[in-house]
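Below is one structure, written out as C-alpha cells; comments come after it.
The values are calculated or read from the model by the stated rules, or taken from the named source; none is laboratory data. Remember, it's a predicted structure, so these values are computed and weren't measured experimentally. Glycine also receives a Cβ, built like all others from the backbone with ideal geometry; neighbour counts cover every protein chain displayed. Ligands, DNA and RNA are stripped out before the accessible areas are found, and what is left, the full protein with its side chains, is counted by its heavy atoms. Shrake-Rupley method; radii C 1.70, N 1.55, O 1.52, S 1.80 Å.
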Amino acid sequence: MSLPTNYYSLRLELTRIEPLIWRRLLVPTTITLPKLHRAIQGAMGWTNSHLHQFHIDAEQYGEPDPYGDMTLIDEKGIKLSSVLAGNIREFVYEYDFGDDWLHRVVVENVQDANPAWKGSLCVAGQRACPPEDVGGIPGYGEFVNAIADPKHEQHIDMLRWVGGAFDPEGFDINSANLRIRRLKG
C-alpha cells in the first residue's frame, strides 16, 4: 500500500483584470504539468480549447505546437515538484495566446494529504472565469457591460452567445470540482 502524497496549496489569480478572479487548488506534489494544466482548466472554468504554457524559473513548459515556432520544453512527464526545486514559490500559467490569459500561481504551502482526497481539488475561489474566446481583457469588459445593460445593442446577442445567463460575480466550487474530475486523465 502506497502512502498518501503531500499536497501543494496553490493560489491562482487571473492577472490584469479587476475585480480579481482567483482559485485555490490542492494538488499532489507528484502532479505532472499536463495534469496541473487540466486541473487549472477545471478550476477556472476554461474549456481546454487553446494552447497553454507554464513560465517557471526562466523556462517555458507546454505541449509542443507542431505548427508553431515556439521554443519550449515538452511538459509531458515533468512533475511540478521537480520544476519547483530551489524554493520557487511563484510562476505563471498562460492560456489562450490570442486572448492572453495570464495566471499568477503562488505556492502557498505544502501540506499532508487527507485520506479522503484523491487527485486535485479546488477549495476556494471568487468570481466567474471569462468565457472562452471573449476577446481577452478588453472583450471581457465589453461583454460584461453588454449583458448588464438590457438596452445595450449587443445585450441579447451576448446572452445568446454565452448560453443564456452569466453572473460575473458567481463561482460554484462544486462545479469547479466536477470539471476537475472530468478532465482527469
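When every residue of the range 124-145 is checked against the conditions, at least one turns out to be open to solvent by 60 Å² or more (accessible area, probe 1.4 Å), closer than 16 Å to residue 25 by Cα, touching a strand residue (DSSP E or B) at 6+ places or on another chain (Cβ under 8 Å) and touching a residue at least 24 places away in the same chain (Cβ under 8 Å). Taking the conditions (1) open to solvent by less than 50 Å² (accessible area, probe 1.4 Å); (2) touching a strand residue (DSSP E or B) at 6+ places or on another chain (Cβ under 8 Å); (3) among the hydrophobic types (A, V, I, L, M, F, W, C) in turn, residue 17 satisfies each one other than (2). Once the range 21-35 is narrowed to residues that are out of contact with any Asp or Glu (no Cβ under 6 Å at 6 or more places or on another chain) and either within 23 Å of residue 136 (Cβ to Cβ) or assigned to a strand (DSSP E or B) (or both), the residue that is most open to solvent (accessible area, probe 1.4 Å) is 24. For residue 156, the conditions (1) closer than 20 Å to residue 10 by Cα; (2) open to solvent by 70 Å² or more (accessible area, probe 1.4 Å); (3) among the β-branched types (Val, Ile, Thr) are fulfilled apart from (1).
Looking across the range 90-116, the residues that are over 18 Å from residue 72 (Cα atoms), assigned to a strand (DSSP E or B) and acidic (Asp, Glu) come down to 90, 108. Go through the range 56-87 and give me each residue that's open to solvent by 100 Å² or more (accessible area, probe 1.4 Å) and either of a type in the set (Gly, Ala, Ser) or closer than 21 Å to residue 120 by Cβ (or both). Listed by number, the residues that qualify are 58, 63, 76. Look at (1) in a loop (DSSP other than H, G, I, E, B); (2) within 21 Å of residue 8 (Cβ to Cβ); (3) in contact with a helix residue (DSSP H, G or I) (Cβ under 6 Å, 6 or more places away or on another chain) and you find that residue 77 fails only one, number (3). Listed conditions (1) open to solvent by less than 60 Å² (accessible area, probe 1.4 Å); (2) under 26 Å from residue 175 (Cα atoms) are all met by residue 110, apart from (1). Checking each residue in the range 92-107 for being under 22 Å from residue 49 (Cβ atoms) and either touching a Pro at 6+ places or on another chain (Cβ under 7 Å) or open to solvent by less than 30 Å² (accessible area, probe 1.4 Å) (or both) picks out 93, 94, 95, 96, 99, 101, 103, 105.
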